[in-house]
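Take a look at the structure below.
The values are calculated or read from the model by the stated rules, or taken from the named source; none is laboratory data. Being a predicted model, the structure only gives us computed values, none of them experimental. Cβ sites come from the backbone with ideal geometry, for glycine too, and all protein chains shown count toward neighbours. Each accessible area value is taken on the protein alone, full model and side chains, heavy atoms only, with ligands, DNA and RNA left out. Shrake-Rupley method; radii C 1.70, N 1.55, O 1.52, S 1.80 Å.
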Amino acid sequence: ELYNGKTKKMKITRKSLTPDRPTEKILELPIKPGFKPGTRITFSGEGDEIEPGVAEDIVFVIREKTHDRFVREGDDLHFRIKLRIADALCGFNRDIVMLDTEPRIKRLNQKTPVSNITTKVIAGEGMPISKQPGKKGDLIITYDVEFPKEELTEDQKERVRAAFPADDDMHV
């Protein structure tokens with residue numbers, strides 16, 4: 001809802017001292033794309049009446065739910081890709097399903113090796129910026145390369161070493 005925006009309806013119950021003022025009311029909260037956690041939406045005079053004709057304000061504070069694939073950091077979205085070591089070395093293709101209302105996929109075609117410290121930034125694919133309609137933060141992709149949990153056999157070690165011949169410049 002914070003990515004695409006939405007009008008959320010909230011039913012409230014309030015104290016009323018004025019006979020023709022209903023005790024229940026439905027308020028419509030305009031959630032703009034990119035609202036940040038802590039954003040306040042205030043409805044003046046819609047709360048409990050403290051004396052006839054004088055009512056308190058109602059304030060809603062935006063909270064952000066944890067997402068199963070993306071982590072928000074300001075206007076940026078972070079996405080983590082788990083990889084086998086072979087894919088990290090040889091390259092891979094991944095489709096990232098974006099958060100738009102219409103299905104949209106960002107295809108990642110990685111041809112060069114990546115590691116646990118590699119970061120890829122895709123500009124303009126993060127969270128919408130609520131105060132700058134049409135602009136978005138960045139999508140930041142990091143990698144979680146899974147190394148073998150067991151010791152490699154001698155044959156596997158020889159094949160890895162053969163695939164990556166020693167470089168004299170690497171000896172310290």
Among residues belonging to segment 55-66 that are open to solvent by 70 Å² or more (accessible area, probe 1.4 Å) and free of Cβ contacts under 8 Å to residues at least 40 places away in the same chain, point out the one that is farthest from Arg40 (Cα to Cα). Thr66
Could you count how many residues in segment 84-104 are under 20 Å from the mean Cα position of the chain (by Cα) and open to solvent by less than 80 Å² (accessible area, probe 1.4 Å)? 8
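Looking only at segment 75-133, count how many residues are touching a Ser or Thr at 6+ places or on another chain (Cβ under 6 Å) and not charged (D, E, K, R).
Step one: filter segment 75-133 for residues touching a Ser or Thr at 6+ places or on another chain (Cβ under 6 Å), giving 80, 119.
From what's left, not charged (D, E, K, R): 119.
The qualifying residues number 1.
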Any residue that is assigned to a strand (DSSP E or B), touching a helix residue (DSSP H, G or I) at 6+ places or on another chain (Cβ under 7 Å) and not basic (Lys, Arg) - is there at least one of those in segment 146-167? yes
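State all residues of segment 132-154 that are surrounded by 11 or more Cβ atoms within 10 Å (Cβ to Cβ) and within 23 Å of Glu73 (Cα to Cα); if no residue qualifies, say none.
Looking only at segment 132-154, we keep the residues that are surrounded by 11 or more Cβ atoms within 10 Å (Cβ to Cβ), and these are 135-143, 145-146, 152.
If the condition is that a residue be surrounded by 11 or more Cβ atoms within 10 Å (Cβ to Cβ) and within 23 Å of Glu73 (Cα to Cα), then Lys135, Lys136, Gly137, Asp138, Leu139, Ile140, Ile141, Thr142, Tyr143, Val145 are the ones that fit.
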Looking at (1) more than 25 Å from Met10 (Cα to Cα); (2) open to solvent by less than 50 Å² (accessible area, probe 1.4 Å); (3) part of a strand (DSSP E or B), which is the one condition that is false for Val114? (3)
Please give the strands (runs of 3 or more DSSP E) falling wholly within segment 12-53 in which 3 or more residues are more than 30 Å from Lys135 (Cβ to Cβ). 24-31, 49-51
If the Cβ limit is 6 Å and pairs must be 6+ apart or interchain, which residue in segment 12-36 that is under 30 Å from Met127 (Cβ atoms) pairs with which residue that is aromatic (Phe, Trp, Tyr)? Leu27/Phe43; Leu29/Phe60
Could you tell me whether Ala123 is of a type in the set (A, V, I, L, M, F, W, C), open to solvent by 70 Å² or more (accessible area, probe 1.4 Å) and under 30 Å from the mean Cα position of the chain (by Cα)? yes
